[in-house]
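Structure first, commentary second.
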Amino acid sequence: MPFIVIIIILIYIVLLAWTWHNLGDMEKTKKTLIIFIGLIITYLTTILIFNISKAGIGYNNPEVENTMKTLLVSVFTGVNGLIWMPIVSKNMDQVNEGLIEKTVLKTRVIVIGIIFVICMVIEFNYIKDTQKSTIEMYNNVEERTVGE
């Protein structure tokens, strides 16, 4: 588990640094607000994907469900953020610098949104499969432990 925590921390460090850098010369408070809002949106999307994907999965142990939720949502919030936050931030900086118009930004955000939705469909299936296989492994360990 410590290895996973290190990986999660590294994902968030890269996400925050990359997004911060891509926001260019904006005020620090504005950058912080944009990153905070981006993380909230990403977290809410990820928690929604997890909650939908767990439908039909029988968690016999609430502790296992909470652990899976914490782990998967933590990892995928960071990964999902890496998919869209730095790109949108770079485009926001380009609008702020006057390099592109807001209409171009809107078009790019729509394209990024479509790509993000496709990624979420793939992620939904991955999270569902991960939960199923983890529950199977947990149940197998439980059966072996009880049988001894």
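A short reminder: the numbers here are calculations on the coordinates, not readings from a lab. Given the structure is predicted, the values throughout are model-derived calculations rather than measurements. Methodologically, a virtual Cβ is constructed for each residue, glycine included, from the backbone with ideal geometry; neighbour enumeration extends over all protein chains shown.
The Rg/Rh ratio for segment 26-111 is 1.14, where Rg is the radius of gyration of the alpha carbons and Rh is the Kirkwood radius. Dipole magnitude for segment 2-147: about 340 debye, using +1 per Lys or Arg Cβ and -1 per Asp or Glu Cβ, origin at the Cα centre.
Using the Stokes-Einstein relation with a Kirkwood hydrodynamic radius computed over Cα pairs, the translational diffusion coefficient of segment 61-101 at 20 °C and a viscosity of 1.002 mPa s comes to 174 µm²/s.
In the chain, the longest principal axis of the Cα atoms and the axis of helix 2-22 are about 10 degrees apart. Using a 7 Å offset from the Cα along the Cα-to-Cβ direction at both V117 and L48, what is the distance between the two label points in nm, to one decimal? Result: 1.1 nm between the two label points. In the chain, one over the average inverse separation of all distinct C-alpha pairs is 17.2 Å, which is the Kirkwood hydrodynamic radius. Per residue, the convex hull spanned by the Cα atoms of segment 72-148 measures out at 64 cubic angstrom.
Cα centroids of segment 51-86 and segment 19-42: 24 Å apart.
Would you be so kind as to identify which of I13, V88, P62 lies farthest towards the positive end of the dipole of segment 2-147, taking Lys and Arg as +1 and Asp and Glu as -1 on Cβ and the Cα centre as origin? Value: V88.
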